[in-house]
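Values in this text are rule-based calculations from the coordinates and carry no lab data. All figures in this text were calculated on a predicted structure; none of them were measured in a lab. Every residue, glycine as well, gets a Cβ built from its backbone with ideal geometry; the counts of neighbours run over all protein chains shown.
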Amino acid sequence: MIEVAWKKDLAQRFGAAAESYETQSEVQQKSAKALADHIAARIQNKKILRILEIGCGTGYLTRELLELYPDAQWWVTDISADMLAKCQSSLSDEIINPEYTSGCSSGELPHNLDLSKIHFHTMDGEAVDLDGPFDLICSNMAFQWFHDQEGTLGRLNDLLTSKGTLAFSTLSQGTFELWHKCQNELGIERLAPEFPDAAFYHRCLNGVNVETLQQKFVQCHKDGLDFLGTLREIGAHSSRIGRSRLSVGQLRSLLKKYENYFTGDHIEADYDVVFVLCSRGSTG
Ligand SMILES: C[S@@+](CC[C@H](N)C(=O)[O-])C[C@H]1O[C@@H](n2cnc3c(N)ncnc32)[C@H](O)[C@@H]1O
């Protein structure tokens, strides 16, 4: 029950951030581009007819992949109806009026894209209510919000065609390392959930062809409050389930400790992103 309430809250937070998301999400944008490049390199000659995207947000990965697979049937999904609506409206604007560009894709969307092939659907990626099979199931920076990654990965894998690919990026162990170290030093219970390392994905996707690649991204901020503000602007300020809020005093001490680690005119937040590419049949 607590999980249902937590997810509702999460969807609301992301929904409230739908308008500001693209102003603060440089790491997510870079990660979407990197993931699309990994997918293109991995899939090469396979026919991609049906694609399921989970946690589309405002559509960074959607745009990158629409350029690669413009003829596929798409199911673009997110747990937040508001994020999904934002994704749908900006994609429609770009397709209908190519002059309009949100500036968030590295290239241009194909002008002859058939919008009726893109189905937008509000859905919890941990409880897929669509029929497979899919040639590609993909997601950029959403799986870190899942409660049961192992079980979910197994179910998603079962929704792939015999040569299908599951490809996603998610936060890994080293994300916000210093931020968590400061919490630890102050005796503050960890705010975020633990993020699995790459080996976790090899273990739980045992039996399928799994490749993991790791990349660090750093985002600079004016100060600690600016860092927290960014998490809020992109809707990523939910704590792990059951975690109570920090008191004002705790928050002040935490921000001060964190800022003291930096000597220049900005502070840094480090994102340790793992790209997981998993194919059922032979690759290529
Ligand atoms: C950090 S954003 C990433 C969005 C987008 N993929 C991008 O690259 O910018 C995470 C997204 O995942 C969605 N999300 C979180 N938990 C989810 C779940 N259980 N099922 C589906 N979407 C989820 C959020 O609503 C949000 O839009």
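Volume of the convex hull of segment 149-279 (Cα atoms only), normalised per residue: 122 Å³.
Estimate the FRET efficiency between Ser162 and Arg203 by the formula 1/(1 + (r/R0)^6), using the beta-carbon distance for r and 22 Å for R0, to the nearest 0.05. E between Ser162 and Arg203, to the nearest 0.05, is 0.45. Given +1 on the Cβ of Lys and Arg, -1 on the Cβ of Asp and Glu, and no further charges, what dipole in debye does the chain carry about its Cα centre, rounded to the nearest 20? Using only the charged Cβ atoms, the result is roughly 580 debye. Each of Cys220, Cys182 was scored by other Cβ atoms within 10 Å of its Cβ. Arranged with the fewest first, they read Cys220, Cys182.
Sorted fewest first by neighbouring Cβ atoms within 10 angstrom, Thr212, Thr175, Thr263 come out as Thr263, Thr212, Thr175. Structural descriptor for segment 141-275: relative contact order 38 percent, calculated from alpha carbon pairs under 8 angstrom and at least 6 residues apart.
Using a cutoff of 8 angstrom between alpha carbon atoms and counting only pairs six or more residues apart, the relative contact order for the chain works out to 24 percent. Just want the answer: with Cβ charges of +1 for Lys and Arg and -1 for Asp and Glu, which residue in Gln173, Ser139, Thr77 is farthest toward the dipole's positive end in segment 77-201? Going by the charge dipole, the pick is Gln173. Here the gap between Val4 and Lys117, fully extended at 0.36 nm per residue and compared with their Cα-Cα distance, gives a gain of 37.6 nm.
Scaled to the globular estimate 2.2 N^0.38 Å, the Cα spread of segment 31-151, given as radius of gyration, is 1.00.
Label positions at Asp37 and Asp223, each projected 7 Å from the Cα along the C-beta direction, are separated by 3.6 nm. Taken about its Cα centre, segment 1-46 carries a charge dipole of about 260 debye when Lys and Arg each add +1 at the Cβ and Asp and Glu each add -1 at the Cβ. Here the sum of -39500 (n - 2.57) over DSSP H runs of 4 or more residues, divided by the residues of the chain, equals -11500 deg cm²/dmol at 222 nm, to the nearest 500. Of the residues Val128, Val274, Gly207, the one whose Cα sits farthest towards the positive end of the charge dipole of the chain is Gly207 (charges of +1 on Lys and Arg Cβ, -1 on Asp and Glu Cβ, taken about the Cα centre). Its alpha carbons considered, the chain gives a radius of gyration followed by a Dmax of 18.9, 57 Å. Lys-Lys pairs in the chain that are eight or more residues apart or on separate chains and whose Cα atoms lie under 21 Å of each other come to 20. FRET efficiency for the pair Thr23 and Glu67, taken as 1/(1 + (r/R0)^6) with r the Cβ-Cβ distance and R0 = 30 Å, rounds to 0.85.
Contact order, relative form, for segment 4-83: 42 percent (alpha carbon pairs under 8 Å, 6 or more residues apart, mean separation divided by residue count).
If you take the alpha carbon atoms of segment 79-200 and fit the smallest convex hull around them, that volume is 164 Å³ per residue.
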